[in-house]
Each structure stands twice: as C-alpha cells, then as structure tokens.
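A quick write-up on the structure given underneath.
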Amino acid sequence: MEILWVLIALVMLGFVLLPFLRRKRGGAIGLVSPDHPDAADPANYGFALEEELDIRMPGPDQDLLDVLDVVQRTQDHRAAQQLLAGTETEGERRWQRVQAFAGAASLELSRRPGGVSEAPGGQWLRVWRAEAPKDAGGAAVHAEFLVQQAWRTATPGTDEFRIIMEEARTACGEAALLAPGDPVPYIVELSVARGLGYSQKDFEQLWLKILDRAPAHMGAHLAALHYWCEKWHGSRAEAYAFAEAAAARAPRGSLLSAMPLFAVFEHLPEVTLVASFWQSEVVTKAVHGALHAVHSARPDDPMLAHVRHMLVFFLVRGERWSEAMNQLVHVDGHVGALPWTLSADPAAEFAVYRALAVAGYEANGGSPASLPH
C-alpha cells in the first residue's frame, strides 16, 4: 500500500510538470509553457493519445478483444467458450485470457449489481457455468472471477473475504479435475493461497503442481512471487531468492530472467528521493537481466509486454531515456500491466512516464527520426 501512495504522489507531481516538459541542451529536462516550440510532444512519435490507451491488457490480443466485444454486447458466453477451447493449455495466453474474461465479468457486476427489474452484470458467466458445467474453460474463468471478486469487494482478513476465497478454492479444485494437465486452475489458486495465508509447506506443494505442468510459466512465477514478498507471507530475502532461482533456471528464450526486476519493484523503498538508487547495483543488475530476457524472447511471447512495461518504469526513473523509448515503441497503446495498474488511472500514469521519456530523449539529442521502430 505504501508503494501505491508513493506512485500516486509521483503521478500527481507529473500532472503538474507534464504540460511544461521540454528538452534542453546538456541532457537535462527543463520547464516551458505548453505552446513552446521545444515542448516535448509524444504525438510526434506516433504514440497513442492518453484517452486511446487500452487499460484492459498489457499488449495486443485481437482475438480476445473481438470475443470480449461479442460476449459483452450479446451476453452470450459461447464465443468465449470456443476461444478458450482453442487456446493451448500450457502457454501463457490461456492464463491471460482466463484473467480477461473473469475481469470483464467482475467489472460488469460491480457496475451493474442488478436488482428487481435488472439482471446483474456478468450474467453470461453464470449461464456458461449452468449450461456447460463440465467445460474446463468456464470452470477456470469462474474460479478466477471469485478471486477477483474477493480482492475487489472485500478486505483481506475479514469473514467476507475468507468466505469468497474459500469458495474460490473449491472452484479451483473443480476446474483442476476437469483439465488435469492445465496449470491455470493451480495458478488461480496461488492468489487464494496468498489471500488465505497458506503455510509455506502447503504453498510449496501447490507450486510443485504448477512446475509439473508448466515449469517455465512466467505468469505463474509472477503470481507466486507475491506470496514470498515481505508485505505478504515472506520477506525481501525470500522474494529475491525465489526470483533469482527462477532466473537461474530459465531456459533459453525465457522471460524468467526478468523475475528479479519484479522482485525489486515489489520491495521499492517508501521514498526514493536519491537518484542514485535507480543506478544502484541491485537495480542495474535486475534491469540488465530483464533487457537480456526481452532481447532473447520470442517476439510473440504473450508475457513480453509485461516485462517491457516494467522496464519503462525503471529505465525512466534511471534516466536511461533512449532505452526507455525503445521499449515504449513496442508497448504503446496498451497499459494493462504493472506498474500502471496499481494506479487509479493507469493511462494517466503511463502517459506521465512516456512524456518524461520523450523529454529526456530529446534533451539528449534524440528525435523521431533517430528512434528505431
């Protein structure tokens, strides 16, 4: 929570400075009026307008977007059922799509809880489970929906939260029985384990089930990392050890080499007013590991955007403007990823960091013509 407040404060500061950012000689960022000819303008690089940024996903998945549109417009679950049935169980994309469908249903319910004369939002998910109780995709989405409902509507530690999480744990077990080789139900349960406070022994037994099915699953590792963090059931040392072990055993082309960067992010100090922190050995080493992972990963890896977004955050804070711009050209347009999703307005926070990157890039001689795409 402390990190969240710090990030919010940074965003508010960004809103004050953003209209006046400009490039200056000598590599610094100065202040000018918004209409000054030297004012930095992200639009010059073909970046999307802030209001056009998609906060639902970290990167493009047109099939998912098309299906979400159909499901939410018609309230018919069958397109979602067909999409998940055709998505491989071992890959990252299935997990992302399960999260997206569950999130859509949860958000619909929060906006339209229903009443005497109105059906509640997300009714299509209830119909899905009722009409196809043996469908593994629907069962996984339902389990993730319950998890998101617990975090969205209840406070950890309360009876309400525990009751929803216990229901989610049961749903995870049902989903696992319907698809024995699918790691997704167990990945969903990682969040249940964090919320209910599984013992480390029980958590490790759950983790072994995932490793048996998808040992290099980046999404699963990110979900597990939260459990080991200092703010939950582990410590800084345990979280770093978990992340570094994942990076050490990462197969060729895997994004697991970026795990230490996420561990650093989860343990940022409450206040980092000293710029040298962002050039410290621990941060620099983690950033280099993530850059290596990005450069060696498959271009179509569904988790690639997650790592790029986190790199933008660290590279901007470290004033590595050119490298930040190189990441921005790959992810601009989608902002549904850490660290932006911790903000009440992910698009606005992303836009602040993007503007800082542009201003710093131009202050050091960069231009749209010099930026590779």
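The values are calculated or read from the model by the stated rules, or taken from the named source; none is laboratory data. All figures in this text were calculated on a predicted structure; none of them were measured in a lab. Note that each Cβ is placed from the backbone with ideal geometry, even for glycine, and that neighbours are counted across all protein chains shown. We work out accessible area using only protein heavy atoms, side chains counted, and drop any ligands, DNA or RNA first. Shrake-Rupley method; radii C 1.70, N 1.55, O 1.52, S 1.80 Å.
Quick notes on this one:
- All of (1) modelled with pLDDT of 95 or more; (2) open to solvent by 10 Å² or more (accessible area, probe 1.4 Å) hold for V147 with one exception: (2).
- Of all the numbered requirements in (1) assigned to a helix (DSSP H, G or I); (2) of a type outside the set (S, T, N, Q); (3) out of contact with any Phe, Trp or Tyr (no Cβ under 8 Å at 6 or more places or on another chain); (4) open to solvent by less than 10 Å² (accessible area, probe 1.4 Å), A224 misses one, and that requirement is (3).
- Selection status of E90, acidic (D, E), open to solvent by 70 Å² or more (accessible area, probe 1.4 Å) and in a loop (DSSP other than H, G, I, E, B): yes
- When residues in region 56-65 are screened for being more than 17 Å from the chain's Cα centre (by Cα) and touching a residue at least 12 places away in the same chain (Cβ under 8 Å), 1 of them pass.
- Test: residue in region 238-253 that is assigned to a helix (DSSP H, G or I) and under 20 Å from S322 (Cα atoms): no
- So D212, is it touching a residue at least 12 places away in the same chain (Cβ under 8 Å), over 23 Å from F161 (Cβ atoms) and not small (G, A, S): no
- The sole residue among E92, E108 that is over 20 Å from H217 (Cβ atoms) and acidic (D, E) is E108.
- One residue stands out among those in region 93-125 that are in a loop (DSSP other than H, G, I, E, B) and crowded, with 20+ Cβ neighbours inside 10 Å: the one that is modelled with the lowest pLDDT, which is G121.
- Condition met for E323 (free of Cβ contacts under 8 Å to residues at least 40 places away in the same chain and touching a Leu at 6+ places or on another chain (Cβ under 6 Å)): yes
- Qualifying residues in region 300-359 (those that are within 20 Å of V264 (Cβ to Cβ) and assigned to a loop (DSSP other than H, G, I, E, B)) - the one most open to solvent (accessible area, probe 1.4 Å): E319
- Which numbered condition A130 misses (of (1) in contact with a helix residue (DSSP H, G or I) (Cβ under 7 Å, 6 or more places away or on another chain); (2) of a type in the set (G, A, S); (3) part of a helix (DSSP H, G or I)): (1)
- Every condition in (1) open to solvent by 30 Å² or more (accessible area, probe 1.4 Å); (2) modelled with pLDDT of 95 or more holds for G289 except the one numbered (1).
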